[in-house]
Amino acid sequence: MHKRCWSVCAGLCGLAALVVAAIPGTAQTQEIKAKPALYSYVANWQFPRANWPDAVKALEPVNDVMQKAQANGDIVAYGSDVNLVHQPDAETHDNWWSSITLAGLIKTLNQLHASGDAASPTMNAAKHWDEVYVSHYYNWKAGSVKGGYTHISVYKLKADAPDDALENIGGHMVAPLLEKLLADGTIAEYEIDEMAIHTQAPGTFIIVYITPTPEGLDTVQSAVREALKASPLNGQAFGAVVDDSGHRDGLYKTDCNYK
């Protein structure tokens, strides 16, 4: 989960330009209203390269706990990712689950610990850290994705950004575009996340989408370029709310299930 490549020319990535188009004063599409909170728990693992073949096997038993938690309504989604663009101090793998309540996240975490499936020699030897996110702009198609691709784009708002900056970014442009791509099957899920438990400084937001096929990555990028034609770049407006130096992307191979 939850990590993302919207590049264009002119020195700005396409997603950055998309964010610009979301700011008041530029052309806007139909607004998507904020939804009730969706919480996601992400367990990140950094396995030594020699342990990568064992890492996927070590994480597989976790799915049994997740299937039960989804069946009883504690969670609405779960999945696992393998990082495709490696960084020296970043995760190599993760597993995650989403719920409409924090209680659902924690109950599932407790069940996972009680099962003992979170402990194995491979996992105990890995570097590990957790993150908890909340989203108010999200949607998905029910079902499973096997061998899909999760793309994330990470941004940080400036300290003096208006309180409704993320509402404008999410509701006026990003979510409407991703809703279209969800409807035509290009993507299977999207969300715009903030940290619910601030293990990092506030102000970071993450735009996530999952596509079932590698071709979907190109389709999303093409859709972003078309969106830019309808909403020309406004670098001054973008710079007013987003610290561009905080931008990062990620690309992951994903298996997931949504209820």
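If we keep just the residues of the range 141-155 that are crowded, with 20+ Cβ neighbours inside 10 Å and touching a Ser or Thr at 6+ places or on another chain (Cβ under 9 Å), which is farthest from ILE210 (Cα to Cα)? Selected residue: TYR155.
One line per residue, one yes/no per condition, for (1) touching a strand residue (DSSP E or B) at 6+ places or on another chain (Cβ under 9 Å); (2) under 25 Å from ASP255 (Cβ atoms):
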| residue | (1), (2) |
| --- | --- |
| GLU167 | yes, no |
| GLY170 | yes, no |
| GLY185 | no, yes |
| GLU191 | yes, yes |
| MET195 | yes, yes |
| GLN200 | yes, no |
| THR204 | yes, no |
| VAL208 | yes, yes |
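Just one of the listed residues (GLU91, GLU167) is in a loop (DSSP other than H, G, I, E, B), of a type outside the set (A, V, I, L, M) and surrounded by 15 or more Cβ atoms within 10 Å (Cβ to Cβ), namely GLU91. The lone criterion from (1) closer than 18 Å to TYR133 by Cβ; (2) modelled with pLDDT under 95; (3) not basic (Lys, Arg) left unmet by ASN63 is number (1). Could you list, in sequence order, all residues of the range 95-133 that are part of a strand (DSSP E or B) and buried (at least 16 other Cβ atoms within 10 Å of the Cβ)? Across the range 95-133, the qualifying residues are ASN95, TRP96, TRP97, SER98, SER99, GLU131, VAL132, TYR133.
The values are calculated or read from the model by the stated rules, or taken from the named source; none is laboratory data. From a predicted model like this one, the values you see are computed outputs, not experimental measurements. Don't worry about glycine lacking a Cβ; one is built from the backbone with ideal geometry, like all the others, and counts go over all protein chains shown.
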